Amino acid sequence: GSFAVVGVGAGVSLLTVSAPVIASIGGNATVDALGKVAVQATSDESVTSYGIAGTGALLAGAAAFSRIQNDSLQSASIKPGAVVTNAASVDVVAKHRADLLAKSGSGGLGLAVGGISAALTVSAGRVEAFIDGATIGEADNKVGAVNVSATSVIENNPEDGRSAHAVGVAGGALTQVGVSATSTINPEVIGAIGAGSNVYSSGAVNVVGQA
């Protein structure tokens with residue numbers, strides 16, 4: 001913040017979330033289990049970003065910008081050549097939940113005041129669960145239910161249902177303030193049993209990809 005004949009204030013906050021979470025049964029591995037076989041990659045994120053700027057002068061300008069970029073990866077898989085036998089059930093599950101909140105605020109006081117305040121959240125990233133070229137069960141010795149599931153849930157701020165907030169305030173004879181708040185949700189979510197896989201199940205086989 002500042003006060004002068006000419007005053008300029010700026011506040012910037014940039015956060016990127018990109019940590020991978022990976023769980024897998026590797027290629028050519030053999031798993032012989034009498035109970036449940038579960039391969040699960042889960043991420044639960046809560047991120048808040050603040051950008052604040054203020055200034056006071058005869059000629060005053062303030063700019064605040066806050067951004068959260070989520071590019072995280074959650075991957076659960078049974079890889080090519082792997083074999084799973086005797087299992088009561090097989091679950092391959094990737095889950096991603098994120099609570100993102102970007103806030104920005106700018107304020108100016110003077111004879112002529114201009115300001116801008118912008119907040120942006122971008123939820124991209126990838127959530128994948130797959131069986132690829134693996135053998136699950138045997139023709140004469142089937143496993144139980146098989147579940148392959150990839151889900152992504154992006155939650156907004158519980159206070160008012162938004163994940164981006166921008167506020168701009170100006171006081172003066174000549175004032176102009178721009179405010180922008182934007183949320184983009186576009187994750188890639190994949191659940192699949194790939195070509196070359198053999199699945200022998202005595203129960204249900206479910207494949208889900210949901211965002």
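The values are calculated or read from the model by the stated rules, or taken from the named source; none is laboratory data. Just so we're clear, the structure is a prediction, and the values are computed from it rather than from any experiment. For neighbour counting, all protein chains shown are included, and Cβ atoms are generated from backbone atoms with ideal geometry for every residue, glycine included. All accessible areas refer to the heavy atoms of the entire protein, side chains included, with ligands and DNA or RNA removed. Shrake-Rupley method; radii C 1.70, N 1.55, O 1.52, S 1.80 Å.
Here are the numbers:
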| item | result |
| --- | --- |
| Anchor Lys36: lysines whose Cα lies under 23 Å away (excluding residues fewer than 8 positions away in-chain) | Lys79, Lys95, Lys142 |
| Largest-first ordering by accessible area, 1.4 Å probe, given options Phe65, Phe130 | Phe65, Phe130 |
| Computed lengthening from Ile190 to Glu138, 0.36 nm per intervening residue step minus Cα-Cα distance | 16.1 nm |
| Cut-off under 5 Å, modelled amide H: who pairs with Ile185 long-range | Ser123 |
| For Gly194, distant residues with modelled amide H under 5 Å away | Ile131, Asp132, Gly133 |
| Solvent-accessible area of Glu45 with every protein chain in place, 1.4 Å probe, in Å² to the nearest 10 | 20 |
| Under Karplus coefficients 6.51, -1.76 and 1.60, residue-wise ³J(HN,Hα) of the stretch 76-88 in Hz, glycine/proline x | 10, 7, 10, 7, x, x, 6, 10, 10, 10, 6, 6, 5 |
| Proximal charge balance of Gly144 [Cβ under 12 Å; K/R count +1, D/E count -1] | +1 |
| Within-12-Å neighbourhood charge of Glu45 [Cβ basis; K, R +1; D, E -1] | -2 |
| Around Gly125: net Lys/Arg minus Asp/Glu count, Cβ-Cβ under 9 Å | -1 |
| Gain in span if fully extended, Ala33 to Ala145, counting 0.36 nm per residue against the direct Cα distance | 38.9 nm |
| Nonlocal amide H pairs with Glu155, under 5 Å, H built at 1.01 Å | Ala98, Asp99, Leu100 |
